[in-house]
Each structure stands twice: as C-alpha cells, then as structure tokens.
Amino acid sequence: VQLQALGGGLVQAGDSLRVSCAASGLTVSRYNMGWFRQAPGKEREFVAAISRSGGSTYYTASVKGRFTISRDNSKNMVYLQMGSLKPEDTAVYYCAASAGILSTISTIDAYVYWGQGTQVTVSS
C-alpha cells in the first residue's frame with residue numbers, strides 16, 4: 001500500500017495550491033480519506049477529510065472556507081485545494097486512509113495508511 005502526496009511547494013500568502021494523493025495497492029473508495037499536517041515543533045493535526053462516497057466533508061475550523069477536499073474514486077486520487085494561504089498553513093501535509101466510521105474521521109488513530117508527506121511553505 002502506498003499513498004503518495006504530490007504538489008507541495010513554496011507559495012506566497014494569499015496564493016492557492018492543490019496537493020494530490022495518489023493511492024496504489026488499495027481501493028480508496030473503501031476508505032474515508034483525510035489530510036493532516038505537521039508544522040515544525042508541533043503535533044500532527046487534522047485538516048480535512050472526506051467520506052467514502054465523497055458525500056460528506058469535514059474541516060478543521062482554521063481552514064474552513066479556504067480549503068476544499070475532494071476525491072476521484074475512478075482514479076484512486078484524493079485532492080486538497082488550498083486557497084487564501086497563510087504563513088501558519090506552512091507544514092508537511094500527509095494524506096491518510098481510514099477504514100473506520102465517520103464519527104472518527106478527524107481522529108489520527110482512525111487512520112491505518114499514511115503517505116510520506118509533501119512540504120507546503122507559505123511566505124509572508
């Protein structure tokens with residue numbers, strides 16, 4: 001099983017960026033999918049998640065209205081479109097797959113597969 005996060009980079013505050021997660025060795029339609037991030041010196045935190053069908057999405061308060069999570073089950077892909085980026089969004093972004101129920105979708109422990117992460121740096 002491999003989850004490969006792609007598309008990170010260096011952007012300026014206010015810019016937009018899309019990161020993608022390419023899955024191999026698993027069928028993403030069977031999993032709730034999430035994005036987490038970890039800034040230097042901080043714990044990994046929940047950012048966004050999407051249910052198996054894509055019908056439900058969840059966001060942490062700090063990104064609500066700026067980020068959009070989506071998925072394309074036919075391509076085994078998950079996306080995180082980030083807008084109005086702020087310096088505090090700087091972190092390594094990880095995609096992850098959860099076989100759990102929706103009530104646990106924002107919980108790190110619910111995720112069984114993790115990607116290697118992609119760096120997103122937002123300059124002021």
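Descriptive notes on the structure:
- Count of region 87-124 residues, restricted to those that are more than 21 Å from Val1 (Cα to Cα) and crowded, with 18+ Cβ neighbours inside 10 Å, is 6.
- So Ser84, is it under 19 Å from Ile101 (Cβ atoms) and either open to solvent by 50 Å² or more (accessible area, probe 1.4 Å) or in a loop (DSSP other than H, G, I, E, B) (or both): no
- Condition check for Ala49: in a strand (DSSP E or B), among the aliphatic types (A, V, I, L, M) and without any contact (Cβ under 8 Å) to a residue 60 or more places away in the chain: yes
- Leading residue by the ranking (farthest from the chain's Cα centre (by Cα)) among those in region 46-59 that are more than 13 Å from Ala110 (Cα to Cα) and not hydroxyl-bearing (Ser, Thr, Tyr): Gly55
- Top-ranked residue in region 62-80 [being in a loop (DSSP other than H, G, I, E, B) and either under 9 Å from the mean Cα position of the chain (by Cα) or among the hydroxyl-bearing types (Ser, Thr, Tyr) (or both); ranked as farthest from Thr118 (Cα to Cα)]: Ser74
- Pairs where the first residue, in region 30-42, is within 14 Å of Thr107 (Cα to Cα) and the second is among the acidic types (Asp, Glu), C-beta under 8 Å, 6+ apart: Phe36/Glu45; Arg37/Glu45; Arg37/Asp89
The values are calculated or read from the model by the stated rules, or taken from the named source; none is laboratory data. Treat the numbers as computed from the prediction; the structure is a model and nothing was measured. When we count neighbours, we look across all protein chains shown, and the Cβ atoms used for this are built from the backbone with ideal geometry, even at glycine. Just the protein is used for accessible areas: all its heavy atoms, side chains included, with ligands, DNA and RNA removed. Shrake-Rupley method; radii C 1.70, N 1.55, O 1.52, S 1.80 Å.
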